[in-house]
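Engineer: I'd like to ask some things about the structure below.
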Amino acid sequence: MPIIQIGRAKTTAPRSILIAVLFALAPPLSATKFHVDQRSGNASDANPGIEPAPWKTIARAAGAKELRPDDGVYIHSGVYRESIDILVSGTEGHPVTFTAAPNARVVIKGSEVVRGKWTRLSELPDTKEPFPGAYARVWKVQLGDEFFTDVRPVAVFMDKSRRWVSQVVINDNTALQRIGEDPLYPNQPYFRLATVGRGLPDMIQDSFFFDPASQTLYLKILGDPSWYNVEVGVRGYVLWARGVHDVVVRGLELRHNRTRGGQWPMALVSQCQRVRVEDCKFYQGDFSGLCFGSCTNCTVRNCELSYNGDSGFNMGESTDCLVEGCTLLFNNYRRFSYGWHAGGMKCIPSNRRCTVRGCEVAYNIASPGIWFDSGNVDIRILGNVCHHNGTAGICSEINEGGGIIADNLVYANQGRGIYLSGSQNTWIVHNTVAGNVSGIVCMPREGDWTLEDVTVLNNLFLQNTTVAENQNRGSELTLHMGCAEHGPYTRTNLSVHSDYNVYGNRTGTPTLRHSWNPDNTLEQWQKRFGEDTHSRLLPVPFEVRGMWFKLTSRSGLDCAGPLPAGLGWKPTAPQWVGSSILNWP
């Protein structure tokens, strides 16, 4: 290797190598702070973007060619009604950052305010009510063309010239019920969005109806709409990062949009690497709040993804991505069918080595909390709290690549606590499952979707039944054995196992099932199938009251069995059965 000498001495190294070494030894260039402040009197997108002369729009900053690695864009307080394309990238370890300025509240909206004149329908002389009081408290206004100017492509099945309204929000945070069939989600089996009413006579309290022929919007609310802030979702997306890398988005609040069909989110991170979304809020997306699509090593951390029309977060065809410390509450306000797509988070398809960790997922309406569906591989669902969701707390559906569901507190869900449907290669370990309609359910699906290589180990089951007259519905554990429901009990599924679990019902006898309905006591389960030989019955004191859970004693729960080497996850206290989360909140 040639020797490099710096100074007057000559060098035998090529000049290009010398220049590279000098750059490596030089201190890094200081990062530049750019500013967006629409409230500033001299704000303009023609400005250089420095604090005395800030840019006016976030969209200008998102595509700014002036940005370099380590630069930051500081966004000052205001409501920004715009669509934002992030087109710039940093380098690994040196991202470009878009962040709320210190103490600023930055709200980005895909909606516009209705400022027209409202007319009370029942006071118009030519109004004919189909029945007395049909139009009481119904108001109308004509929307201008500014509500239909989003030129982004709509779903392929839509007439691009057609105008529609799918979201109306009053006072910033109350979404109204749409009356009549939605043109993007016709009332057919695939889309599973049930129609509520057909027209004006069917309006109910806190609802809207839109007539596209006259561009007239009708509301039925208490009081004059001019007393409220009425906003209509108009833009198909609010934030879109496409094909970029090494970007941080921090501290922003996104609200409202008008989806263009399918599974279109309010914010989309698509074909990106090392993008981090932190400390942001995604509220009232018409369909979903935030989506990662075909991303690698991307993160969403400490975000709130709540009150969205279908789901809080979506992810598809992504690799090595992380969802951590997020809150996903009250999603699916439009009541999409959980048989299609809805819930706290719906991740479909083909995600690999992705992790959901330390999140609270709750109150998602008539839908699961965490849902991975179709072809996902090595998924980690770790240390989450899933409670008061509909249908399931955690769901893994037709995922041959499986993964680990561990250390979760899953309670008070209106269906199954943890549900494996036609999935394989999955470890369900060290979870506390309490007060659900059923506890852990692992069953095959129709067709070729079998249940194989599933292990249920070191879990704490607490009163997962629904009490009915003279019988209980649901069971603590359903694990498919492949035999006849009512005997003979000759199992054919030899790759599913359960052991070292504690069944801690305070009342009644805990039951385990080898198919959908037949019950076994623990003693029968052990004798017939040879499973749960180290498991035990134990009256464990706990409380589920209102929104909260409390394990009042861990006496006798230090009986967990060993986990295999190479599992890829270790409990903080391996001797204890159940989750390390003992109380919530």
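Engineer: Of all residues in region 534-578, which are charged (D, E, K, R) and either under 21 Å from residue 509 (Cβ atoms) or assigned to a strand (DSSP E or B) (or both)? Before you say what the answer is, go through the steps one by one.
Structural biologist: Narrowing region 534-578 to residues charged (D, E, K, R): 536, 543, 545, 550, 554, 558, 570.
Hits for region 534-578 are 536, 543, 545, 550.
Engineer: Now a separate question. Confirm whether residue 237 is buried (at least 22 other Cβ atoms within 10 Å of the Cβ) and over 30 Å from residue 135 (Cβ atoms). Don't jump to the end; show me each part of the working.
Structural biologist: On the way: buried (at least 22 other Cβ atoms within 10 Å of the Cβ): yes; over 30 Å from residue 135 (Cβ atoms): yes.
Answer is yes for this residue.
Engineer: While we're here: Out of region 197-225, which residues are of a type in the set (D, E, K, R) and either closer than 21 Å to residue 173 by Cβ or not in a loop (DSSP other than H, G, I, E, B) (or both)? Break it down stepwise before answering.
Structural biologist: Restricting attention to region 197-225, the residues satisfying the condition of being of a type in the set (D, E, K, R) are 198, 202, 206, 211, 220, 224.
Residues satisfying the conditions are 202, 206, 211, 220, 224.
Engineer: Further question on the same structure: Which condition from (1) in contact (Cβ under 8 Å) with a residue 40 or more places away in the chain; (2) under 25 Å from residue 577 (Cα atoms); (3) exposed (fewer than 15 other Cβ atoms within 10 Å of the Cβ) is the one that residue 527 breaks?
Structural biologist: For residue 527, the failing item is (1).
Engineer: Name the single residue, out of those in region 130-142 being in a loop (DSSP other than H, G, I, E, B) and either modelled with pLDDT of 90 or more or among the aromatic types (Phe, Trp, Tyr) (or both), that is farthest from residue 175 (Cα to Cα). Step through it out loud before you land on a result.
Structural biologist: Here is the first cut: in region 130-142, the residues in a loop (DSSP other than H, G, I, E, B) are 130-137.
Now restrict to residues that are either modelled with pLDDT of 90 or more or among the aromatic types (Phe, Trp, Tyr) (or both): 131, 135, 137.
On the way: 131: 27, 135: 20, 137: 17 Å.
Checking each candidate, the answer is 131.
Engineer: Being among the basic types (Lys, Arg) and either outside the structural domain of residue 272 (by TED's automatic domain parsing) or under 19 Å from residue 275 (Cα atoms) (or both) is the filter here; which residues of region 77-108 pass it?
Structural biologist: If we filter region 77-108 for residues that are among the basic types (Lys, Arg), which is where we start, we get 81, 105.
Result: no residue meets the conditions.
Engineer: Return yes or no: is residue 445 within 25 Å of the chain's Cα centre (by Cα) and more than 21 Å from residue 381 (Cα to Cα)? Quick ask: steps written out before the conclusion?
Structural biologist: On the way: within 25 Å of the chain's Cα centre (by Cα): yes; more than 21 Å from residue 381 (Cα to Cα): yes.
Against the criterion (within 25 Å of the chain's Cα centre (by Cα) and more than 21 Å from residue 381 (Cα to Cα)), residue 445 qualifies.
Engineer: Between a first residue in region 29-49 that is farther than 16 Å from residue 66 by Cβ and a second residue that is at pLDDT 95 or above and among the polar types (S, T, N, Q), which pairs have beta carbons less than 8 Å apart while being 6 or more apart in sequence or on different chains?
Structural biologist: 38/57; 39/77
Engineer: Please find, among 348, 365, the residue that is in contact with a His (Cβ under 8 Å, 6 or more places away or on another chain), surrounded by fewer than 23 Cβ atoms within 10 Å (Cβ to Cβ) and β-branched (Val, Ile, Thr).
Structural biologist: On the way: 365 fails: in contact with a His (Cβ under 8 Å, 6 or more places away or on another chain).
Result of the check over 348, 365: 348.
Engineer: Please count how many residues of region 467-484 are surrounded by 11 or more Cβ atoms within 10 Å (Cβ to Cβ), modelled with pLDDT under 95 and either not in a loop (DSSP other than H, G, I, E, B) or not assigned by TED's automatic domain parsing to the domain that holds residue 542 (or both).
Structural biologist: Qualifying residue count for the region: 3.
Engineer: Tell me the strands (runs of 3 or more DSSP E) entirely within region 226-272 that contain at least 3 residues that are of a type in the set (A, V, I, L, M), closer than 19 Å to residue 107 by Cβ and in the same structural domain as residue 104 (by TED's automatic domain parsing). Before the answer, list the steps.
Structural biologist: On the way: elements: 230-233, 239-242, 245-250, 252-255, 265-270.
In region 226-272, 265-270 are the strands (runs of 3 or more DSSP E) which contain 3 or more residues that are of a type in the set (A, V, I, L, M), closer than 19 Å to residue 107 by Cβ and in the same structural domain as residue 104 (by TED's automatic domain parsing).
Engineer: So, one more: Taking the conditions exactly as written (of a type in the set (D, E, K, R), touching a strand residue (DSSP E or B) at 6+ places or on another chain (Cβ under 9 Å) and assigned to a loop (DSSP other than H, G, I, E, B)), does residue 380 satisfy them or not? Let's see the steps before the verdict.
Structural biologist: Working: of a type in the set (D, E, K, R): yes; touching a strand residue (DSSP E or B) at 6+ places or on another chain (Cβ under 9 Å): yes; assigned to a loop (DSSP other than H, G, I, E, B): no.
No; evaluated as a whole, the condition is false for this residue.
Engineer: While we're here: How many residues are in a loop (DSSP other than H, G, I, E, B) and in contact (Cβ under 8 Å) with a residue 24 or more places away in the chain if we restrict to region 485-518? Quick ask: steps written out before the conclusion?
Structural biologist: Here is the first cut: in region 485-518, the residues in a loop (DSSP other than H, G, I, E, B) are 485-495, 500-501, 504-511, 514-518.
Pick out the ones that are also in contact (Cβ under 8 Å) with a residue 24 or more places away in the chain and you get 485-486, 489, 491, 493, 495, 500-501, 504-508, 510-511, 514-518.
The total comes to 20.
Here's the yes/no breakdown for (1) closer than 25 Å to residue 279 by Cα; (2) assigned to a loop (DSSP other than H, G, I, E, B); (3) not assigned by TED's automatic domain parsing to the domain that holds residue 569:
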site	(1), (2), (3)
331	yes, yes, yes
340	no, yes, yes
344	yes, no, yes
350	no, yes, yes
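Engineer: Given the criterion touching a residue at least 40 places away in the same chain (Cβ under 8 Å) and out of contact with any Lys or Arg (no Cβ under 9 Å at 6 or more places or on another chain), identify the matching residue among 58, 108.
Structural biologist: Numbers: 108 fails: out of contact with any Lys or Arg (no Cβ under 9 Å at 6 or more places or on another chain).
So the residue among 58, 108 that is touching a residue at least 40 places away in the same chain (Cβ under 8 Å) and out of contact with any Lys or Arg (no Cβ under 9 Å at 6 or more places or on another chain) is 58.
Engineer: What about residue 381, is it buried (at least 24 other Cβ atoms within 10 Å of the Cβ) and over 23 Å from residue 504 (Cα atoms)? Before you say what the answer is, go through the steps one by one.
Structural biologist: Working: buried (at least 24 other Cβ atoms within 10 Å of the Cβ): yes; over 23 Å from residue 504 (Cα atoms): yes.
Against the criterion (buried (at least 24 other Cβ atoms within 10 Å of the Cβ) and over 23 Å from residue 504 (Cα atoms)), residue 381 qualifies.
The values are calculated or read from the model by the stated rules, or taken from the named source; none is laboratory data. Note that this is a predicted model, so its numbers are computed, not measured. Note that we place each Cβ from the backbone using ideal geometry, even for glycine, and neighbour counts take in every protein chain shown.
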